[in-house]
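Since the structure comes first, as structure tokens, the remarks are kept for the end.
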Amino acid sequence: MEIRCRFAPSPTGYLHIGGARTALFNWLFARHNGGKFILRIEDTDEARSTPESIRGILEGMEWLGLDWDEGPYYQTDRIEIYQGHIDRLLNEGKAYHCYCSPEKLEEMRKRAQAKGQKPKYDGTCRNIANPIINKQSVVRFKSPQLGKTLFDDSIKGEVEFENSELDDLIIRRSNGSPTYNFSVVVDDATMGITHVIRGDDHLNNTPKQILLYQALGYPLPKFAHVPMILGNDGNRLSKRHGATSVMKYQEMGYLSPALVNYLVRLGWSHGNQEIFSRNELIDKFSLDKVGKSAGIFDLDKLLWLNGHYIKETETETLAKLLRPFIELGGHDILSNGYLSRVVDTLRIRSKTLIDMARLADFYFNDEIKYPEDLVNKFLKFNMIEIFETLVEKLGKLEFFEEKPVETIFLEILKERDIKFGKVAQPVRVALTGSTVSPGIHETIVALGKEKVLKRLNIAIELIKKGHKST
């Protein structure tokens, strides 16, 4: 039997964190078992299912690298299939037309609540033999009223529901459209889905869907309900706990492999290992290692993990990812080689690409602004000679690399019998306008000879000007 898993989101304009983790678990299970991963869009809600909202789902999937083998299938293209299955249940006496008005249903709900009972349909129309012509109705599934519905969940173990607690659920609305619980069963059955892996907020839907499978004569898939993701306050994850849209994390400068790694580990484990390549995740993933408790979303841990991936990502790849963030700051990037040099100086200091772009600002500014306090402290008259020596020696370098640059600094320190910091910090201020930057030698090499000489000369003139004015 071929393993077939699916991810079936409703369009919301974006792929949220919980949905992304569910998609990942399905994708990994399919890939681990050599099966197929199917993407289905549940787009029967016309108000929400705009092309833009669907695109938001697809963009999130593509960014995470979740390629699908079939689809995307759209429920709006399958309405006739649902209607055929509803007609079949009606003809077999397993479903019926319900003519109860919304007002009558509200009465039933209030009566049940007054008695301390679970609100459910009381079966008023359950035994009407023939349809009432020209009277609006919904179609309800005739749910068994006795016995239990049991299933073995791959994560939660054996789960059972009393059938007496289940409602005669509506499978077709009065406007003719099929409902979620019915459509999803028909979809999964006709697409040959073997494993349904989803959030445990769907657990209460499972017995209703199992009964529909049985009524339609379809084999049951294997169910696995993944615990929810909670915020650090123990409540269901929401926007107040951090961005819930996958693509928001891209905008915030996170790398997709870091988010993939984090989301999979948020509920699944393989010993004490924290960091996994994509191939390792595929190789090691199994449902029996998914925990039964809710995962707590820890933004600090995600940030740490993202910093790790920034350090480990290939320079050219990281430069390509950083480019839009640099351009967003209003900078033009003329050389890929220059951007790659910048990336290599900043990767160990950056947790996100936004961090890196902020730290890289001085590399791209045509004019460096010197804070007055730093000028007074570091750009003093005695630095003119040192800066001029640097201009002379650096200007003669044939190979503008760290080792020759370091040698020049050592020569200057030895000639003047001064410590490294007495030269490095003033030079750093002259080149960056700040006392914080990557190592001065690597900063000089990354900036390149032309920029370094130009900025040192500007600093020399600034010192001279300040000295004259005093």
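The values are calculated or read from the model by the stated rules, or taken from the named source; none is laboratory data. Predicted, not measured: the structure shown is a model, and the values here were computed from it. When we count neighbours, we look across all protein chains shown, and the Cβ atoms used for this are built from the backbone with ideal geometry, even at glycine. These accessible areas exclude ligands, DNA and RNA; they are computed on the full protein's heavy atoms, side chains included. Shrake-Rupley method; radii C 1.70, N 1.55, O 1.52, S 1.80 Å.
On the basis of being assigned to a helix (DSSP H, G or I), open to solvent by less than 40 Å² (accessible area, probe 1.4 Å) and among the hydrophobic types (A, V, I, L, M, F, W, C), does Leu321 make the cut?
The answer is no for Leu321.
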Check your understanding: Quick one: what pairs do we get from region 354-380, first residue in a loop (DSSP other than H, G, I, E, B), second open to solvent by less than 20 Å² (accessible area, probe 1.4 Å) and hydroxyl-bearing (Ser, Thr, Tyr), C-beta under 8 Å, 6+ apart or different chains?
Key -> Ile368/Thr432
Revision key, fill the gap. Reported set for region 332-349 where residues are of a type outside the set (Lys, Arg) and open to solvent by 30 Å² or more (accessible area, probe 1.4 Å) is Asp332, Leu334, Ser335, Asn336, Gly337, Asp344, Ile348
**Study point:** Given (1) open to solvent by less than 30 Å² (accessible area, probe 1.4 Å); (2) outside any strand (DSSP E or B); (3) in contact (Cβ under 8 Å) with a residue 24 or more places away in the chain, number of the condition Leu58 does not satisfy
**Key:** (3)
Check your understanding: Would a scan of region 284-306 turn up a residue that is aromatic (Phe, Trp, Tyr), open to solvent by less than 20 Å² (accessible area, probe 1.4 Å), closer than 22 Å to Ile229 by Cα and in a strand (DSSP E or B)?
Key -> no
Practice item. List every residue pair whose Cβ atoms lie under 9 Å apart, where the two residues are 6 or more positions apart in sequence or sit on different chains, the first residue falls within region 443-457 and is farther than 13 Å from Asp344 by Cβ and open to solvent by less than 40 Å² (accessible area, probe 1.4 Å), and the second residue, located anywhere, is in a helix (DSSP H, G or I) and not hydrophobic (A, V, I, L, M, F, W, C). Key: Ile444/Glu402; Gly448/Tyr338; Gly448/Arg341; Val452/Thr443; Leu453/Gly395; Arg455/Thr432; Leu456/Glu388
Practice item. Provide a single number: the residues in region 250-263 that are open to solvent by less than 20 Å² (accessible area, probe 1.4 Å) and more than 14 Å from Glu62 (Cα to Cα). Key: 6
Review point. Can you tell me which residues in region 101-130 are part of a loop (DSSP other than H, G, I, E, B), of a type outside the set (Gly, Ala, Ser) and open to solvent by 80 Å² or more (accessible area, probe 1.4 Å)?
Key: Lys115, Gln117, Lys118, Asp122, Asn127, Asn130
